[in-house]
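Everything on this sheet refers to the single structure shown next.
The values are calculated or read from the model by the stated rules, or taken from the named source; none is laboratory data. These numbers were taken from a predicted model, which means no experiment stands behind them. As a convention, Cβ positions derive from the backbone with ideal geometry for all residues, glycine included, and neighbour counts pool all protein chains shown.
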């Protein structure tokens, strides 16, 4: 996609420079054999005169500057490039119709740009949220924060929960964001269902103009994974099961009290702003490094080595979270990103909009869909 973006930047910049040539030829400032000066448009049906041609040349200059500005904004990865490109393209189409004989090729270039923009704007439409989760939240008990935690861990829990942490047996999270698939960033809505420390179900829909186009159903239950993707099903792979267990515990940073209340989880000191977290995986353990903000004390990142696929094997993986505590220690605002080290930027970004704890999910977690 980076190569495609570069080609599109070059392509639209050249298109803008051709409009600049039109400005120079029709003012006129220079003589160009490809664009001889004239005072009539619409295939000779409209005599615009010298004044009319100067007005047309100014519009050509405006379109040229618009295409060049849009290309520069795209190169800088600024979202404003698309509306600037759209306005420039509409101006260009009007000019091509006025000067049809000379600008037929430019008209079809504009049509191509409009097709690209149709997809770009479709991928910017945020989907509607899922309907509210139908289950009821359950009662939440609390337990004391244990002694002997590493310093940044203890500080975090006292800031986030006070003197006691809630005991969460299940969690259902719903939200919206983006997912990058095959280099294309797609709008998405998601619902994650957890049996704390035991398993999960992920349901993700990617959308185009708000309409679902791809659906992902993934379950990690009883130590085994079934991943239903648009291009096939992945299951019965111990490496994928291990990665799924890491995903389960990585997502538990949404409700970090579980790191103190689930059996077999333990912390180990590293330094003033990080600690190691050991989580159970069958008879084994998996290890995360957890980082905390040195100013606020809040949890920032969980990172580990995680299996991705047969092609690349195991890679660095991390999840970043921005979370503030609300009433009774429940999240008031949670946004997060997930990144593989070889990609350099998050493949998943989302903000949680609904959180339900301790609902009865034993049947729901085995279903498909939202």
Say we look at the stretch 316-333 and pick out the residues that are assigned to a strand (DSSP E or B) and modelled with pLDDT under 85; which of these is surrounded by the most Cβ atoms within 10 Å (Cβ to Cβ)? 323
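So that you can scan it fast, the table gives a plain yes or no per residue for (1) assigned to a helix (DSSP H, G or I); (2) over 28 Å from the mean Cα position of the chain (by Cα):
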{"residue": "86", "(1), (2)": "yes, no"}
{"residue": "95", "(1), (2)": "yes, yes"}
{"residue": "112", "(1), (2)": "yes, no"}
{"residue": "118", "(1), (2)": "yes, no"}
{"residue": "134", "(1), (2)": "no, no"}
{"residue": "142", "(1), (2)": "no, yes"}
{"residue": "146", "(1), (2)": "no, yes"}
Residue list for the stretch 272-314, filter: part of a loop (DSSP other than H, G, I, E, B) and free of Cβ contacts under 8 Å to residues at least 40 places away in the same chain: 283, 293, 294, 295, 310, 311, 312
Of (1) surrounded by 14 or more Cβ atoms within 10 Å (Cβ to Cβ); (2) without any contact (Cβ under 8 Å) to a residue 40 or more places away in the chain, residue 140 satisfies every one except (2)
For the stretch 178-198, what are the residues that are closer than 30 Å to residue 260 by Cα and in a strand (DSSP E or B)? 189, 190, 191, 192, 193, 194, 195
Given the condition closer than 20 Å to residue 222 by Cα and under 21 Å from the mean Cα position of the chain (by Cα), answer yes or no: does some residue in the stretch 251-273 qualify? yes
Please go through the stretch 199-244 and pick out each residue that is crowded, with 17+ Cβ neighbours inside 10 Å, without any contact (Cβ under 8 Å) to a residue 60 or more places away in the chain and outside any strand (DSSP E or B). 241, 244
Do you know which residues across the stretch 143-184 are closer than 30 Å to residue 125 by Cβ and free of Cβ contacts under 8 Å to residues at least 24 places away in the same chain? 182
Take the conditions buried (at least 18 other Cβ atoms within 10 Å of the Cβ) and touching a helix residue (DSSP H, G or I) at 6+ places or on another chain (Cβ under 8 Å) and apply them to residue 279. Does it pass? yes
